1. From the cross-link list Lys181/Lys264; Lys181/Lys245; Lys181/Lys266; Lys200/Lys245; Lys200/Lys259, which pairs have alpha carbons spaced over 25 Å apart?
2. Between Ser271 and Ala101, what is the label-to-label distance in nm when each label sits 7 Å out along the Cα-to-Cβ direction?
3. For Ala126, enumerate residues with amide H under 5 Å from its amide H, sequence gap 5+ or separate chain, H modeled in the peptide plane.
4. Assign unit charges at the C-beta atoms only (+1 for Lys and Arg, -1 for Asp and Glu), then state the dipole size of the stretch 208-256 relative to its Cα centre in Debye, rounded to the nearest 20.
5. Excluding ligands, DNA and RNA, what is the solvent-accessible area per residue of the stretch 186-262 at a probe of 1.4 Å, expressed in Å²?
6. Per residue of the stretch 123-133, what does 6.51 cos²θ - 1.76 cosθ + 1.60 with θ = phi - 60° give for ³J(HN,Hα)? Whole Hz please, x for Gly and Pro, Karplus curve as stated.
7. Please enumerate, by chain and number, the lysines with C-alpha under 21 Å from the C-alpha of Lys123, excluding those fewer than 8 residues away in the same chain.
8. Which order do the peptides 246-255, 196-205 come out in when sorted by mean C-beta neighbours inside 10 angstrom, highest first?
Amino acid sequence: MHSRMLLALGAVVSAALPSAATAQEARVYRAEPSRAFAYSIEDDDRNRAVIGITTSSGGSVRDTLGVLIGSITPGGPAEKAGLEEGNRISAINGVNLRLAAADASDWDMSSAMSRRFTREMGKVKAGSDVELRMYTGGGQFRTLKVKTVPYDSLYRTTRRTRFDDDGRAALGVSLGSSGSKRDTLGILVMWLDDDGPAAKAGLEEGNRIAAINNVDLRVSRDDAGDEMISGVKQQRLQRELEKLKPGDEVELRVYGDGKTRTVKMKTVAASTLSRGGRSFFFGGTPRAPMPPMPPMRIMRITM
């Protein structure tokens, strides 16, 4: 439940603010006692350089590998370069973003690395390349160059609030995780709409979605138990659903009763699914109203 609330907060922040800080941090919003932060800048700086990612900081021991990519904007430079949610940026233009071992699990130090990334991006002009040193999992690092674009060219079509977008493709499931080590099997299905495609295809509460259209949604063994990574995998599922239209066929790899099976179904428009006055995640997108937020630590910076 805690991780579901983290994901809900991230979506609300993204919907409510034009962007998180890049070149400048004009306003800082702070919520106590959760220490949840969101950054925005003034509207007159729409030509700043971005690559289309959101970084997340939660004070994980894995921050020694770099700043976590929490979500990726469809069609942006990061997606085109092959970056994935769950990758970590260990350096930008030669500037280190990895925490020292002594600072591992320190939330304040972790958020400082995200702000260092913000500051370095603020030095780059839109259209220029940034060199990223990436940790992609399995002990593998790689260096790549990503061409930045102006903020306005990437986000001008994504400023609408997703809560009002009932025409999006949906599966009729509520997803969540508290950072269980069982997330290595996939994203947990918490609830199903009886009239939704997932329920009609035979999915049940307690099943786990291991993959969507061959995109792996399982948490690695190294990250098992990390609720921030679990939320990142839900973001990955959401990005895949955003590529689809209602009526498109989707293939899921589903784990349940000790075995994994392949299930095919057609998506439907979210507006056709019941809401019941509660907060649901239809394929990773939160539905209002939201329950009270538990204490948490999260920072998301959009680039």
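1. Lys181/Lys264; Lys181/Lys245; Lys181/Lys266
2. 5.7
3. Amide H neighbours of Ala126: Ala49.
4. With only Lys, Arg, Asp and Glu charged at Cβ, the dipole is about 60 debye.
5. 46
6. For the stretch 123-133, the Karplus curve yields 8, 9, 8, 4, x, 8, 8, 10, 9, 10, 9 Hz.
7. Lys145, Lys147
8. Packing order, densest peptide first, comes out as 196-205, 246-255.
The values are calculated or read from the model by the stated rules, or taken from the named source; none is laboratory data. Quick caveat: nothing in here was measured; it's all calculated off a predicted structure. When we count neighbours, we look across all protein chains shown, and the Cβ atoms used for this are built from the backbone with ideal geometry, even at glycine. SASA here: full protein model, heavy atoms, side chains in, ligands and nucleic acids out. Shrake-Rupley method; radii C 1.70, N 1.55, O 1.52, S 1.80 Å.
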